[in-house]
Amino acid sequence: MLYHLLLQTVNTQQSAGVSPGQPHLLLYHLDDVKDIEKAVNDLSQAASGGSLYVIADEIVSNRSSLAIFCDKLLTQVPRLHLWVASCFHEDAPAGWPVEYLTRPLRSPPAVVREVEQDEKITENCAVLPYRERGVPDHTDGPPVTRLCHRSQGHTNDGPVDCVMCGREVGSFLHSLRDGVTEYSTITSATSTPTSSGTAPPCLQ
């Protein structure tokens, strides 16, 4: 979704006669040493001795892997502008500036209460708790629906890699369209832009 929004901005600027460069969507597993090397090599080649702007969104890796990636990239690309987003607040490399974004601006109270029960917040403290929203809530939000990663028909891996869980989530999202008379689409955050580069495809 972030790549899609950047692409829209670039297309708008180019139509106005500005040439801001072109965003590229790259996917790496930073827990893998080979992927760290590949990421650093790919990005340093893209810089070609000039400035490089990298937004690493939803980083899920251990602290040492992230530090290795950041330090290696900074060594090879002196004119580096790097932003890293992660819900795990203790993974930032030592000495790098950190901002904590904990205001629940996008989720209604019903969703916030559900998320706050997660053990990564309540027990492990790996994720910081929410702060006060700071703006009025017009509604408590829709009722929370739970889809469970059960053993029957589900894989032994976590729910994020389970085909059955994916089907159940997809089925639930499609059910939200029942009774909708006008055309609407549900988009996936991991979808890729169409050939025109203007909109991600509908949820498959």
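The values are calculated or read from the model by the stated rules, or taken from the named source; none is laboratory data. As the structure is a prediction and not an experimental result, all values here were calculated from the model. All Cβ positions, glycine included, derive from the backbone under ideal geometry; neighbour counts span all protein chains shown. Heavy atoms of the whole protein, side chains included, go into the accessibility calculation; ligands, DNA and RNA do not. Shrake-Rupley method; radii C 1.70, N 1.55, O 1.52, S 1.80 Å.
Scanning region 72-103 for residues that are more than 16 Å from Y28 (Cβ to Cβ), more than 18 Å from the chain's Cα centre (by Cα) and open to solvent by 60 Å² or more (accessible area, probe 1.4 Å) gives L74, T75, P78, R79, H81, A94, G95, W96, P97. Among the conditions (1) touching a strand residue (DSSP E or B) at 6+ places or on another chain (Cβ under 9 Å); (2) more than 30 Å from A47 (Cα to Cα); (3) open to solvent by 100 Å² or more (accessible area, probe 1.4 Å), I121 misses just one, which is (3). The residue pairs whose first member lies in region 35-54 and is more than 11 Å from R79 (Cα to Cα) and open to solvent by 30 Å² or more (accessible area, probe 1.4 Å), whose second member is at pLDDT 90 or above and part of a strand (DSSP E or B), and whose beta carbons are closer than 9 Å, counting only pairs six or more residues apart or on different chains, are A46/L52.
Whether a residue is among the basic types (K, R) and within 30 Å of L52 (Cα to Cα) was assessed, and R103 passes this test. Taking every residue in region 104-119 that is more than 15 Å from R146 (Cβ to Cβ) and pairing it with any residue that is of a type in the set (K, R), at least 6 positions away or on another chain, the pairs with Cβ-Cβ distances below 9 Å are P104/R131; P104/R133; L105/R133; P109/R133; V112/R133. Looking across region 1-56 at every residue that is part of a helix (DSSP H, G or I) and β-branched (V, I, T), the one that is farthest from L80 (Cα to Cα) is identified as T12.
Can you say whether A110 is within 27 Å of D42 (Cα to Cα) and of a type in the set (A, V, I, L, M), as far as the supplied structure shows? No; evaluated as a whole, the condition is false for this residue.
Matching residues to (1) surrounded by 10 or more Cβ atoms within 10 Å (Cβ to Cβ); (2) at pLDDT 85 or above; (3) under 23 Å from L2 (Cα atoms):
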site	(1), (2), (3)
H154	yes, yes, no
C162	yes, yes, no
G166	yes, yes, yes
F172	yes, yes, no
R177	yes, no, no
Y183	no, no, no
S188	yes, no, yes
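Any chance region 101-112 includes a residue that's at pLDDT 90 or above and under 25 Å from L73 (Cβ atoms)? Checking region 101-112: at least one residue is at pLDDT 90 or above and under 25 Å from L73 (Cβ atoms).
Among the residues of region 57-70, those that are open to solvent by 70 Å² or more (accessible area, probe 1.4 Å), over 25 Å from V10 (Cβ atoms) and not in a helix (DSSP H, G or I) comprise V60, N62.
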